[in-house]
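J.: This is the structure, below, for whatever I ask next.
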Amino acid sequence: MGRESGFCFEHDGEDFTEEHFKSLCRFGYSNKRTLHTIGFRGIGFKSTFSLGDCVELFTPTLAVCFYRNHFSEPCWLAQQTTTDGKTRIRIQMRDHIQTEVETNFKQWLTSPLSLLFCRNIRQLRIGDRDVHWVSLRPGPIPDSKWMVLSGQKDSEFLLIDSPPEDFPEEALQEIKEERSLTVGEQLDFPPCKVEIVLGAKGQLFVVLPTGVETDLPFACNAPFIQDPARLKIKDPETSPTNRWLLERVGRLAASAMLRWLGMAELSTTERSQAYQLLPNFTWNDRATVGGLCSITIRQAFEQTTEGKPVLLTDDGNLVGARESIIIPNEIHAIWPTQQPSRFLDDKSRPALCQYVAEAHWRNLLRWGVVEEINKEKFLDILQSIRLPTPRPWQNLMSLWIYIAREITDFFNSYKAINARIIPVQGSDVLYTAIEVARLDGKKLVQSVGDWEFLTTRLKVMDGGWLHFLTEQRQVAADQVMQLSSKISKRPKRFCEQPGSTKQATLGR
């Protein structure tokens, strides 16, 4: 592409047939039987006139040009140009178009998602750069694969295809009306599929982007019917075709998530990644096409998962909605060898897999399919039941750290005196501070028999815990002394100059 040579597009696909060429010379008509194409209404061959007034077409058997004023009338060129078996389209661009086209090409180089959806174009060369997608490995479920853009191996995308489905009758009728078929003309449209790309921002494609953005965690590609300006798609509330396709996208995302969660041969860490497909539960604006699309997809997703086991538990099982409980990772760390949900949840529901990312389990909360034992509820539990004493002592320290802010805050209703967080000698459960006596074993208790006598009549704080706290206090004091020593030995950052009011300041 240059100001002298203009714009030149070249591909090594098949030559034009007679039927293809007739379609090229008609207006508002496409002979394409597969809707998943970009050559219908405004972005096919005739869209090239937006670049220049004359378009030249060279193939192994054709040499013609079309002029903007008579865009459906071919003008045969006397001199055949050698194409080496390729098809070439050449346009002398208007000057003010050049910058815009260059900008579009830069966008293709940075985000060529459309290339994933092209059936015949597998690689592009724009200027001196090649753009193509590389298949890394099969995805976690059938009909899926992990893709990466050449040269950007840190950003992986999961491409998921649906099985082909026949168009419903009302959709076929709408398509025929959109394609302005005359009486007697018939086109049989084969089954079509829809695609989603996990990892891409929520956007709708008809191979090329439609300009419709959603709040979905994936992009989707389908043969949507677009508005005449090709800026958006037709309102799904008035377009049966688009509504059917959007519902298929929702069902595809839901079935893919369910299959992924059910892959028992995968680790729970890998299976927990399936929640990336869960749409964000938000209130969309019905006044926008993007909002309506999100709502339609989310409703189909919800209908598909209704009554299905959608919650992955810590032990790798799948259970239904509200049959699992979210336990914060901090609590898991306090009782790592036990299942905290057994003594924290009054229904003893299994804990949700702890490898589910926070953003995803919070989304599950918004969907209302799971409950959480948050810190507020945990503090209530500490005041109502006796929890097992965490072992080793470092785990009990983690418990104290986890609740420290809430029970020491002057303005908080939770008081340390009411929290069952004190270990007792000879007991496996925790008590409140007012239930426990602290004794100096070396001075007051002289024998094992004395301890046995006292523990039958008193709840005595575990001496091992007191010893651990003493050690930790000494470790903290030593660290403070070391830090103070390092600070005192650092050179001063600023030196006070004569006549200066600036004070010498130690470097941080």
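J.: Report the extension gain between residue 153 and residue 231 in nm, rounded to one decimal, defined as 0.36 nm multiplied by the number of residues separating them, less their alpha carbon distance.
T.: Answer, rounded to one decimal: 24.9 nm.
J.: Quick one: the Cα spread of the stretch 224-330 along its three principal axes, in angstroms, biggest first?
T.: Reported extents, whole Å, longest axis first: 53, 27, 23.
J.: Sticking with this one: Skipping prolines and chain starts, which residues have an amide H placed within reach, meaning under 5 Å, of the one on residue 321, given they are 5 or more residues away or on another chain?
T.: Counting only residues 5 or more places away or on other chains, the set is 310.
J.: Fully extended, how many nm does the chain gain between residue 104 and residue 472 (0.36 nm per residue separation, minus their Cα-Cα distance)?
T.: Contour length minus Cα-Cα distance gives 126.3 nm.
J.: Which FRET efficiency value, to the nearest 0.05, is calculated for residue 94 and residue 10 with the Förster distance at 25 angstrom and r the Cβ-Cβ distance?
T.: Approximately 0.75, to the nearest 0.05.
J.: Same structure again: Counting just the Cα atoms, what span does the stretch 101-140 cover along each of its three principal axes? Round to the nearest Å and put the largest first.
T.: 38, 17, 15
J.: On each of the three principal axes of the Cα atoms of the stretch 372-435, give max minus min coordinate, whole Å, ordered largest first.
T.: Sorted largest first, the three principal extents are 35, 25, 19 Å.
J.: Also, I was wondering about something else. Suppose each label sits 7 Å from its Cα in the direction of the beta carbon; what would the residue 480-residue 69 distance come out to in nanometres?
T.: Reported label-point gap for residue 480 and residue 69 is 9.2 nm.
J.: While we're looking at this one, here's another question. What are the trypsin sites (Lys or Arg not before Pro) within the stretch 304-365 that DSSP puts in a loop, where the Cβ has at most 10 other Cβ atoms within 10 Å? It would help to have the intermediate numbers written out before the result.
T.: Numbers: sites: 322, 342, 347, 362; in loops: 322, 347.
Filter output for the stretch 304-365: 347.
J.: Something else: Please give the net charge around residue 54, taking every other residue with its beta carbon less than 10 angstrom from that of residue 54, where Lys and Arg add +1 and Asp and Glu add -1. Show your work: numbers first, answer last.
T.: Numbers: positive: 68, 90; negative: 53, 56.
My count for the surroundings of residue 54 gives 0.
J.: Scan around residue 63 for amide H atoms under 5 Å from its own, H built in the peptide plane at 1.01 Å from N, and keep only partners 5 or more places away or cross-chain.
T.: Residues meeting the criterion, in which the H sits 1.01 Å from N, are 77.
J.: Structure shown: which of 106/234; 22/232; 347/375; 347/377 lie over 21 Å apart, alpha-carbon to alpha-carbon?
T.: From the list (106/234; 22/232; 347/375; 347/377), the Cα-Cα distance tops 21 Å for 106/234; 22/232.
J.: Hey, another quick one. Using bins 5 angstrom wide from zero, how does P(r) for the stretch 118-256 break down, in % of all Cα pairs?
T.: Spelled out per bin, shortest first, that is 2, 9, 16, 20, 19, 15, 10, 6, 3, 1, 0.
Read the figures in this text as sums done on the coordinates, not as results from a lab. All of these numbers come straight from a predicted model, not from anything done at the bench. With ideal geometry, Cβ positions are generated from the backbone for all residues, glycine too; neighbour counts draw on all protein chains shown.
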